[in-house]
Amino acid sequence: MQPAYLQALTELGLTGLEAEAYGYLLEHSPATGYAVAKGLGKPTANTYKALASLYGKGALIREESANREFRPVSPGELLGALERRFQERKRRASSELRRVKESEADDRVYRLETPEQVLERLRQMLSRCRKVAVLDLFSWAVEHLKDDLEAAAARGLKVAVKVYEPCSLRGVHVVAHPRPERVARRWPGQWANAVIDGHEYLLALLSHDGARVHQAIWSGSAFLSLVYHLGLVSELQVDDLERNIKDGASREDLVAILERYDRLKVIDMPGYRMLRQVLGKEQT
């Protein structure tokens, strides 16, 4: 059975033979290319090519002598080098992709298939947010999106989140569902729902452990997003009022809660302006 680290290294961009050669040298260094090939039972030419590639990636150092033996850098140094290469390639790709003209947004509904797709789309939605983000999240999604939610709030955006377990999110208006145990009994999993700027929304139901997607959809429909935005804000308002009424809040406190959510219901959002623009074009 191969060591687990081999798969991890290939997932980070090394070839299978590069990962094996690096692992071999961790245990048997310094060693010549011939010794590595013999130890792995691999063709010499292929092994020398893999070692040259590893050397170019900063994974190995080479003795300056006739033997030209190789020694691996520490795992920490290797991971740092791989990360820097990835970041550089990411910046280069980002620069080139900005040259490509994207197609115009549409109002169709699209399916998402994996938890990774759901999380990445939610993160991108939060990064695109310009005014207000409203979310309805079970604990799995809160745990994965905590930094993104706090970063959005730190940019001065209005961020409101309905949750089902106690949590603290800096700068985020958090509303705890008044009867979370009832919701947990009724639903076969966890959901992660969000609407951003009344412009795009995502609805996802995942397994209890977040490992599978039962169903997930995303749309950039301004009309559907605005409808969901107003509905979700109203849900948060009702939950907040119910909890405060049970806690004996004063009339003034309850009025303040109503006013807070009225500000979240403001219709002058990017999604509304886009909808008006589209409808205006259709009417001319």
| query | In the stretch 91-122, which residue that is surrounded by fewer than 16 Cβ atoms within 10 Å (Cβ to Cβ) and among the basic types (Lys, Arg) is modelled with the lowest pLDDT? | reply | Lys101
| query | Based on what the data block shows, is Ser234 touching an Asp or Glu at 6+ places or on another chain (Cβ under 7 Å) and closer than 25 Å to Leu122 by Cβ? | reply | no
| said: Based on this model, can you work out whether Lys49 counts as at pLDDT 95 or above, surrounded by 15 or more Cβ atoms within 10 Å (Cβ to Cβ) and closer than 23 Å to Arg89 by Cβ? | reply: yes
| query | Can you find even one residue in the stretch 189-208 that is under 18 Å from the mean Cα position of the chain (by Cα), modelled with pLDDT of 90 or more and assigned to a loop (DSSP other than H, G, I, E, B)? | reply | yes
| Taking the stretch 261-271 as the search range and keeping residues that are part of a helix (DSSP H, G or I) and in contact with a strand residue (DSSP E or B) (Cβ under 8 Å, 6 or more places away or on another chain), which one is farthest from Arg130 (Cα to Cα)? | Arg263
| field | Residue list for the stretch 209-223, filter: within 16 Å of the chain's Cα centre (by Cα) and either among the hydroxyl-bearing types (Ser, Thr, Tyr) or outside any strand (DSSP E or B) (or both) | value | Gly210, Ala211, Arg212
| remark: From the option list Leu54, Leu82, single residue qualifying as modelled with pLDDT under 90, under 20 Å from Leu12 (Cβ atoms) and buried (at least 16 other Cβ atoms within 10 Å of the Cβ) is Leu82
| query | Looking only at the stretch 239-254, which residues are in a helix (DSSP H, G or I) and exposed (fewer than 13 other Cβ atoms within 10 Å of the Cβ)? | reply | Lys246, Arg251, Glu252
| Pick from Arg212, Arg179: which is charged (D, E, K, R) and under 14 Å from Ala141 (Cα atoms)? | Arg212
| remark: Checked the stretch 152-187 for anything at pLDDT 95 or above and part of a helix (DSSP H, G or I); matches are Ala152, Ala153, Ala154
| request: Could you list all residues from the stretch 154-190 that are of a type in the set (Lys, Arg) and surrounded by fewer than 19 Cβ atoms within 10 Å (Cβ to Cβ)? | output: Arg155, Lys158, Arg170, Arg179, Arg182, Arg185, Arg186
| query | Looking at the stretch 228-235, is at least one residue outside any loop (DSSP other than H, G, I, E, B), in the same structural domain as Ala192 (by TED's automatic domain parsing) and among the hydroxyl-bearing types (Ser, Thr, Tyr)? | reply | yes
| Test for Glu88: is it out of contact with any Ser or Thr (no Cβ under 9 Å at 6 or more places or on another chain), modelled with pLDDT under 95, of a type in the set (Asp, Glu) and assigned to a helix (DSSP H, G or I) | yes
| said: Cβ-Cβ distance below 6 Å, separation of 6 or more or different chains: which pairs start in the stretch 42-64 with a residue that is part of a helix (DSSP H, G or I) and end on one that is of a type in the set (Val, Ile, Thr)? | reply: Thr47/Val36
| task | Please verify whether the stretch 131-153 includes one or more residues that are surrounded by 15 or more Cβ atoms within 10 Å (Cβ to Cβ), within 17 Å of the chain's Cα centre (by Cα) and among the basic types (Lys, Arg). | result | yes
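The values are calculated or read from the model by the stated rules, or taken from the named source; none is laboratory data. Source: prediction; values computed, not measured. As a convention, Cβ positions derive from the backbone with ideal geometry for all residues, glycine included, and neighbour counts pool all protein chains shown.
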